[in-house]
Amino acid sequence: MPRTRILALRKWLATIFEDDEPRNPATLLFNVLLAVLIIANVAAVALETVETIRLQFAPAFEAFERIATAIFAVEYVARVWASVDFHNAPYREPLWGRLRYMRSFFALVDLVAVLPAIIGILGAADLRVLRLLRLLRMLKLVRHSTTFGLLWSVLREEARSILALLFILLLTVTISGALMYLVEGEEQPAMFSSIPACMWWAIETLTTVGYGDMVPMTIVGRLLGGVVSIVGIGTLALFSGLITIGFLDQLKLYREQHPPAKVVAREKPAPAPAAGQAEFVVRRHGAPDRVRARLEDPVIGGNPPSGVCPHCGSALSHSTTH
């Protein structure tokens, strides 16, 4: 294949693989087919855990897995090869640019989607663990999801606030666990045996899960549990409110940067006036002599409109017209 065709093929693949490129029919078709393959592959991994289905369709599962692995491997190699043609990306250098792309997040996701299956085919590890690792192929769907992109932007922009709330939660869990150990440790040494065990109780209470495996029996312990529950509700409400506000801000920014296409309706041209009506307008408001001469021509100008004087252009009364 000539070098020019190879370069053209690489640029065409870059337009399909790059996420920032505008969506064309080929890109949409590729994304849809890839999503269908990922969903089908994940469904096959889930169904393969059912023993009766696995025993009945084991050859089909194995063949489908080999085909899917081959497709994902070809896609990964093609993405690495075409990464030098990505726009606005530091991957221009033939060697170091591709290596830099291979260290990016989505390139690692693509590698994880392929590597466990290849290791399983070679028989170098536990097949059951590798089957479960194939579920990570669902991360490939995140690449083209606007919602996940917005959530990632929220986490990036609100990182300090989120870390502050997580620190408050950690501090609350630690203090609550320590207090509950002091209160219930002697009454229930089997349940509240240590501060880490009491911290598990604090996590259950803060998140309002309440599995019921660890329940305080003393009055002070129950009062402490009620306070921890109220603090947990307030902290989680504050956390969800922060995420909601950040998501709405990012959604507003996204809509401003990607406005919907507006369809502009064409205005219908105004209908041309009749010949006699045009003569009336010209005679009433004045016009150049050459225009007046053409309108006064009986062939071009035509007859004046009814109710209008053919000489002065003024409107005739009802009695005059009759």
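Return the sequence-ordered ³J(HN,Hα) values of the stretch 24-37 in whole Hz as given by the Karplus equation 6.51 cos²θ - 1.76 cosθ + 1.60 applied to θ = phi - 60°, using x for Gly and Pro.
Using θ = phi - 60°, the values come out as 10, x, 5, 5, 4, 5, 4, 5, 5, 5, 5, 5, 4, 5 Hz.
Compute the signed sum of charges (Lys and Arg +1, Asp and Glu -1) over the other residues within less than 14 Å, Cβ to Cβ, of Arg222.
Around Arg222, the surrounding residues sum to -2.
Tell me, what ³J(HN,Hα) does each residue in the stretch 108-113 have, in order and in whole Hz, if you take phi through Karplus 6.51 cos²θ - 1.76 cosθ + 1.60 with θ = phi - 60° and put x for Gly and Pro?
Rounded to whole hertz, the list is 5, 4, 5, 5, 5, 5.
Sorted by packing (mean other beta-carbon atoms within 10 Å per residue), highest first, where do 25-34, 47-56 land?
25-34, 47-56
Assuming a ≥ b ≥ c are the square roots of the Cα gyration tensor eigenvalues, decide whether the stretch 3-144 counts as rounded (a/c under 1.5), prolate (otherwise, with a/b larger than b/c) or oblate.
Since a/c reaches 1.5 and a/b is larger than b/c, the shape of the stretch 3-144 is classed as prolate.
Using a simple spin-label model with points 7 Å from Cα along the Cα→Cβ vector, what separation in nm is obtained for Ala70 and Leu253?
In this crude label model, Ala70 to Leu253 measures out at 4.5 nm.
Assuming R0 = 56 Å, can you tell me the calculated FRET efficiency for the pair Thr207 and Leu7, based on Cβ-Cβ distance, to the nearest 0.05?
Once rounded, the FRET efficiency stands at 0.50.
If Lys and Arg each add +1 and Asp and Glu each add -1, what is the summed charge of the other residues whose beta carbon sits under 15 Å from the beta carbon of Gln56?
-2
Starting at the first residue of the stretch 210-227, write each ³J(HN,Hα) from the Karplus equation 6.51 cos²θ - 1.76 cosθ + 1.60 with θ = phi - 60°, in whole Hz, x for Gly and Pro.
Whole-Hz 3J(HN,Hα) from phi for the stretch 210-227: x, 5, x, 7, 9, 10, x, 9, 7, 5, 5, x, 5, 4, 5, x, x, 5.
What's the Cα-based Rg to Rh of the stretch 157-257, Rh via Kirkwood?
1.16
Between Ile175 and Val50, what is the label-to-label distance in nm when each label sits 7 Å out along the Cα-to-Cβ direction?
Once both label points are built, they end up 5.1 nm from each other.
Read-outs: derived from the displayed coordinates by stated rules, not from any lab. No experiment lies behind these values; they were computed from the predicted model shown. Glycine also receives a Cβ, built like all others from the backbone with ideal geometry; neighbour counts cover every protein chain displayed.
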